[in-house]
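These notes concern the structure reproduced below.
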Amino acid sequence: MDAMVNTIRGWSENPVKFAHSHGVNVSPSTEVADPEQQIHILIVEGFLLYNYRPLMDVYNKCYYISIPYEECKRRRSTRQYTVPDPPGLFEGHVWPMYLKHRNEMVESCLDIAYLDGLKSEEGIYSQVYEDIQNTLLNRL
């Protein structure tokens, strides 16, 4: 987790340089003359990201996609693991740990936008995109 914090901070200092040093192409439209006018978005994904205190200092926006128990169980059952889940793992460990960590996250009082994981990918994308646009407009 400490390595992730350092990586995010390195990206924050100079997103274009960071991208180039990691072999990521940056579209020409983002390479504007005035660095203050550049907009860069880094998506950090993982279900424990809001439970690790050092990471909380590096977020500008937080989103949490949630789904109900039955849908989560259904989706997990369709995954193809090299070693399949043993019977009862989801009910006995995965879901209880999810609830534990979600409750810790809620208690941390972070400004988190909760998203409905039952919406389409396009619907979630549109909601987040609109929120980011509004945030950027409010900064101007």
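The values are calculated or read from the model by the stated rules, or taken from the named source; none is laboratory data. Being a predicted model, the structure only gives us computed values, none of them experimental. SASA here: full protein model, heavy atoms, side chains in, ligands and nucleic acids out. Shrake-Rupley method; radii C 1.70, N 1.55, O 1.52, S 1.80 Å.
Residue 77 contributes an accessible area of around 90 Å² to the protein surface, as traced by a 1.4 Å probe with all chains present.
Among 9, 53, the sequence by solvent-accessible area, most first, with a 1.4 Å probe is 53, 9. For residue 73, the aspartates and glutamates whose Cα falls under 19 Å of its own Cα, not counting residues fewer than eight places away in the same chain, are 85, 91, 116, 121. The stretch between residue 3 and residue 62 holds 19.3 nm of extra length on full extension. This uses 0.36 nm per residue minus the Cα-Cα distance. For residue 115, the residues whose amide H sits under 5 Å from its own are 64, 65, 66, ignoring neighbours fewer than 5 places away on the same chain, with H placed 1.01 Å from N. Note on surface exposure: 105, 1 rank 1, 105 by accessible area, highest first, 1.4 Å probe. Measuring nothing but how far apart in sequence close Cα pairs (under 8 Å, 6+ apart) lie, relative to its length, the chain scores a relative contact order of 26 percent. The share of Cα pairs per 10 Å bin across the chain, counted from zero up to the longest distance, runs 9, 30, 35, 20, 6, 1 percent. Cross-link reach is defined here as a Cα-Cα straight distance under 26 Å, omitting same-chain residues fewer than 8 places apart; for residue 17 the lysines meeting it are 61.
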